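Read-outs throughout are calculated quantities, based only on the coordinates presented, and are distinct from any laboratory measurement. What you are looking at is a predicted structure, and each value in this text was computed from that prediction instead of being measured. Ideal geometry is used to build each Cβ from the backbone, glycine not excepted, and the neighbour counts take in all protein chains shown.
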Amino acid sequence: MTVQNRERHWDRTRRLMFIALGVWFVFAFVIHMFVTQLNAVVIVGFPLGFYMASQGSLIAFVILLFWFARAQNKVDSDHGVQEE
């Protein structure tokens, strides 16, 4: 692996990591800061704020993990450092 290829790999990995951390921050903190405003919206008899606190954020985290793993595998594959 050349130095230039290694630097491009790290740049793409770092950018992916910061995007994932940003999405995590939104679902972990930002949405919960607006829970009282979200409670005005009712879905299937439950206020949206309650749903996001109890289920929505957890679902988002699981989706985020699968997306991150797939995206990181693509970055690794593009730079020739994928795992077998």
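Full extension of the chain segment joining Arg8 with Glu83 gains 25.2 nm, where the gain is 0.36 nm per residue of separation less the Cα-Cα distance. Summing charges over all other residues whose Cβ lies under 12 Å from the Cβ of His79, with Lys and Arg as +1 and Asp and Glu as -1, gives 0. Compared with the dominant Cα axis of the chain, that is its longest principal axis, helix 3-25 is turned about 10°.
Annotation for Leu64 and Leu16: the two label points, set 7 Å from Cα along the Cα-Cβ direction, are 1.7 nm apart.
Sparse packing (at most 14 other Cβ atoms within 10 Å of the Cβ) combined with a DSSP loop state is found for the following chymotrypsin sites (Phe, Trp or Tyr not before Pro) in the stretch 16-83: Phe34. Give me the base-10 log of I(q)/I(0) for the chain at each q in 0.17, 0.18, 0.19, 0.21 Å⁻¹, Debye formula, one uniform scatterer per Cα, rounded to two decimals. Here the Debye-derived log intensity ratios amount to -0.73, -0.78, -0.82, -0.92. Relative to the current alpha-carbon distance between Asp76 and Phe34, full extension at 0.36 nm per residue lengthens the span by 11.4 nm.
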